[in-house]
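The values are calculated or read from the model by the stated rules, or taken from the named source; none is laboratory data. Values in this document were obtained by computation on a predicted structure and should not be read as measured data. Glycine gets a Cβ as well: all are built from the backbone with ideal geometry, and neighbour counts include every protein chain shown.
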Amino acid sequence: MGACKYCDSGAYGPGCAYGPNGMHEHTDDEMACIFCGSSSYGPGCPYGPHGIHIHGPGGGYCRYCGSGSIGPGCPYSATGHHEG
């Protein structure tokens, strides 16, 4: 488990005094949602924007859906593109 990029806390969810939306964000693990720590992709995040899990960058997979694809086709990205 990493630390919040804004306050260095190990907590997930609301309560970050320095985050722009008051949420803790852990961007140091591409295998976990930055908002809740889950390994899931897509809908179901209790803290992510629009309820979508977003993973940390890297790992060769789309941060939003977990696909190894690049370019258009992501059902969860705001741009509709797979993002690493």
So in the range 41-62, with the set limited to residues that are more than 10 Å from the chain's Cα centre (by Cα), assigned to a loop (DSSP other than H, G, I, E, B) and within 21 Å of HIS82 (Cβ to Cβ), which one is modelled with the lowest pLDDT? GLY59
With criteria (1) more than 15 Å from HIS26 (Cα to Cα); (2) out of contact with any strand residue (DSSP E or B) (no Cβ under 6 Å at 6 or more places or on another chain); (3) hydrophobic (A, V, I, L, M, F, W, C), CYS62 comes up short on (2)
With criteria (1) loosely packed, with under 13 Cβ neighbours inside 10 Å; (2) out of contact with any Phe, Trp or Tyr (no Cβ under 7 Å at 6 or more places or on another chain), TYR18 comes up short on (2)
Can you list residue pairs whose Cβ atoms sit under 8 Å apart, with the first residue in the range 6-33 being part of a loop (DSSP other than H, G, I, E, B) and the second being acidic (Asp, Glu)? Count only pairs 6 or more apart in sequence or on different chains. TYR6/GLU25; CYS16/GLU25; GLY19/GLU25
